[in-house]
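Asks: A single structure is presented below for examination.
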Amino acid sequence: QQPVQSPQAVILREGEDAVINCSSSKALYSVHWYRQKHGEAPIFLMILLKGGEQKGHDKISASFNEKKQQSSLYLTASQLSYSGTYFCGTTATYSGAGSYQLTFGKGTKLSVIP
Amino acid sequence: NAGVTQTPKFQVLKTGQSMTLQCAQDMNHNSMYWYRQDPGMGLRLIYYSASEGTTDKGEVPNGYNVSRLNKREFSLRLESAAPSQTSVYFCASSESITDQGLIYNEQFFGPGTRLTVL
């Protein structure tokens, strides 16, 4: 099943913070976060694995709650360049065919305005 | 180092026509993927190839065929195009990395092909 992302869209002013959530109805092994700007390819942000640590780089970080089958992406002190659509992708297993099949959510559109 | 390349960038077909979308990667990755992206739907996996010589169906394989020509190239064929196949198609590649017992599988995407079927 497709993971559910919330909110569907959010508008921020520069410097504000945002949280994007991704939840699944089934047990997860990994959660992948991507950002896509209009007309471009998705760009990998980070991956969180079952049993792994919270990841982050610069002012973007993420957490993975294995028990709740949820992940959250945290954007702090947002910049104009953060605008785009954020997708989470999930896998249910760590080996075999399932480890290659990312199931993506429908995306969260983030708009950062001056 | 071009990463993942796709051709063509744009294509318009008439219903019933056939075409092949080409994808190549120069990162020496073992795994390659084809996705389609429709408005409001996110990315959906059509087919993937875990390694050279193998291909498997993803979530939405009907109406498509694939060929893993060699380690670098993975093509997607539409034998008889239908309007429902109007979409943006993305190819991706990945290599699994094991670090402290955990397996990472970061996917790199190509620029996409915009296909319209009339």
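Asks: For segment B:98-112, state whether one or more residues are in contact with a Leu (Cβ under 8 Å, 6 or more places away or on another chain) and modelled with pLDDT of 95 or more.
Replies: Filtering segment B:98-112 down to residues in contact with a Leu (Cβ under 8 Å, 6 or more places away or on another chain) leaves B:102-104, B:107.
Filter once more, keeping what is modelled with pLDDT of 95 or more: none.
No, every residue in segment B:98-112 fails to be in contact with a Leu (Cβ under 8 Å, 6 or more places away or on another chain) and modelled with pLDDT of 95 or more.
Asks: Continuing with this model, one more query. Quick check on A:V19: is it within 12 Å of the chain's Cα centre (by Cα) and at pLDDT 95 or above? If you could, list the steps in order and put the result at the bottom.
Replies: Details: within 12 Å of the chain's Cα centre (by Cα): yes; at pLDDT 95 or above: yes.
Against the criterion (within 12 Å of the chain's Cα centre (by Cα) and at pLDDT 95 or above), A:V19 qualifies.
Asks: In addition: Restricting the search to segment A:61-95, which residues are out of contact with any Lys or Arg (no Cβ under 9 Å at 6 or more places or on another chain), part of a strand (DSSP E or B) and not polar (S, T, N, Q)?
Replies: Correct list: A:L73, A:C88, A:G89.
Asks: Just wondering, is there one or more residues in segment A:66-75 that are surrounded by 15 or more Cβ atoms within 10 Å (Cβ to Cβ), in contact with an Asp or Glu (Cβ under 8 Å, 6 or more places away or on another chain) and away from chain B (no Cβ under 14 Å)?
Replies: Step one: of segment A:66-75, the residues surrounded by 15 or more Cβ atoms within 10 Å (Cβ to Cβ) are A:66, A:69-75.
Right, trim to in contact with an Asp or Glu (Cβ under 8 Å, 6 or more places away or on another chain) and you get A:74-75.
Now drop any that are not away from chain B (no Cβ under 14 Å), which leaves A:74-75.
Checked segment A:66-75: at least one residue is surrounded by 15 or more Cβ atoms within 10 Å (Cβ to Cβ), in contact with an Asp or Glu (Cβ under 8 Å, 6 or more places away or on another chain) and away from chain B (no Cβ under 14 Å).
Asks: In segment A:5-18, which residue that is loosely packed, with under 15 Cβ neighbours inside 10 Å and of a type in the set (A, V, I, L, M, F, W, C) is farthest from the other protein chains (Cβ to nearest Cβ)?
Replies: Let us first name the residues in segment A:5-18 that are loosely packed, with under 15 Cβ neighbours inside 10 Å, namely A:6-9, A:11, A:13-17.
Going one step further and asking which of them are of a type in the set (A, V, I, L, M, F, W, C), we end up with A:9, A:11.
Values: A:A9: 11, A:I11: 18 Å.
Looking at the filtered set, the residue picked out is A:I11.
Asks: Filter segment A:22-52 down to residues that are of a type in the set (G, A, S) and part of a loop (DSSP other than H, G, I, E, B) and give me whichever is nearest to the chain's Cα centre (by Cα). Walk me through how you get there before you give the answer.
Replies: We begin by selecting, within segment A:22-52, every residue of a type in the set (G, A, S); these are A:23-25, A:27, A:30, A:39, A:41, A:51-52.
Narrowing the set further to residues that are part of a loop (DSSP other than H, G, I, E, B) leaves A:24-25, A:27, A:39, A:41, A:51-52.
Values: A:S24: 12, A:S25: 16, A:A27: 17, A:G39: 19, A:A41: 15, A:G51: 18, A:G52: 16 Å.
Step by step, filter segment A:22-52, then rank; the result is A:S24.
Asks: Continuing with this model, one more query. Take B:S87 and tell me if it is in contact (Cβ under 8 Å) with a residue 24 or more places away in the chain, among the polar types (S, T, N, Q) and out of contact with any strand residue (DSSP E or B) (no Cβ under 6 Å at 6 or more places or on another chain). Working first, answer last.
Replies: Working: in contact (Cβ under 8 Å) with a residue 24 or more places away in the chain: yes; among the polar types (S, T, N, Q): yes; out of contact with any strand residue (DSSP E or B) (no Cβ under 6 Å at 6 or more places or on another chain): no.
No, not satisfied.
Asks: While we're on this one: Based on this model, can you work out whether B:V60 counts as of a type in the set (A, V, I, L, M), in a loop (DSSP other than H, G, I, E, B), within 13 Å of the chain's Cα centre (by Cα) and within 14 Å of chain A (Cβ to nearest Cβ)?
Replies: Values: of a type in the set (A, V, I, L, M): yes; in a loop (DSSP other than H, G, I, E, B): yes; within 13 Å of the chain's Cα centre (by Cα): yes; within 14 Å of chain A (Cβ to nearest Cβ): yes.
Criteria met by B:V60.
Asks: When you go through (1) without any contact (Cβ under 8 Å) to a residue 40 or more places away in the chain; (2) of a type in the set (V, I, T); (3) at the interface with chain A (Cβ under 10 Å from one of its Cβ atoms) one by one for B:T55, which number turns out not to apply?
Replies: (3)
Asks: Filter segment B:73-107 for residues that are in contact with an Asp or Glu (Cβ under 9 Å, 6 or more places away or on another chain) and closer than 12 Å to A:A41 by Cβ and give the result.
Replies: Passing the criteria: only B:V88.
Asks: Then there is this: Show the residue pairs that are 6+ apart or on different chains and have beta-carbon atoms under 6 Å apart, the first residue being within segment A:25-36 and at the interface with chain B (Cβ under 9 Å from one of its Cβ atoms), the second being assigned to a strand (DSSP E or B) and among the hydroxyl-bearing types (S, T, Y).
Replies: A:Y29/A:T91; A:S30/A:T91; A:Q36/A:T85
Asks: If you check A:G107, A:G84, A:G89, which single one turns out to be closer than 24 Å to B:M41 by Cβ, within 10 Å of another protein chain (Cβ to nearest Cβ) and modelled with pLDDT of 95 or more? I'd like the intermediate steps shown before the answer.
Replies: Values: A:G84 fails: within 10 Å of another protein chain (Cβ to nearest Cβ); A:G89 fails: modelled with pLDDT of 95 or more.
Sole residue among the options that is closer than 24 Å to B:M41 by Cβ, within 10 Å of another protein chain (Cβ to nearest Cβ) and modelled with pLDDT of 95 or more: A:G107.
Asks: Now for a different question. Would you say B:M19 is away from chain A (no Cβ under 14 Å) and surrounded by 15 or more Cβ atoms within 10 Å (Cβ to Cβ)?
Replies: Details: away from chain A (no Cβ under 14 Å): yes; surrounded by 15 or more Cβ atoms within 10 Å (Cβ to Cβ): yes.
Criteria met by B:M19.
The values are calculated or read from the model by the stated rules, or taken from the named source; none is laboratory data. Quick caveat, the model's predicted, so the values are computed rather than measured. Counting neighbours? That spans all protein chains shown, and the Cβs are built from the backbone with ideal geometry, glycine included.
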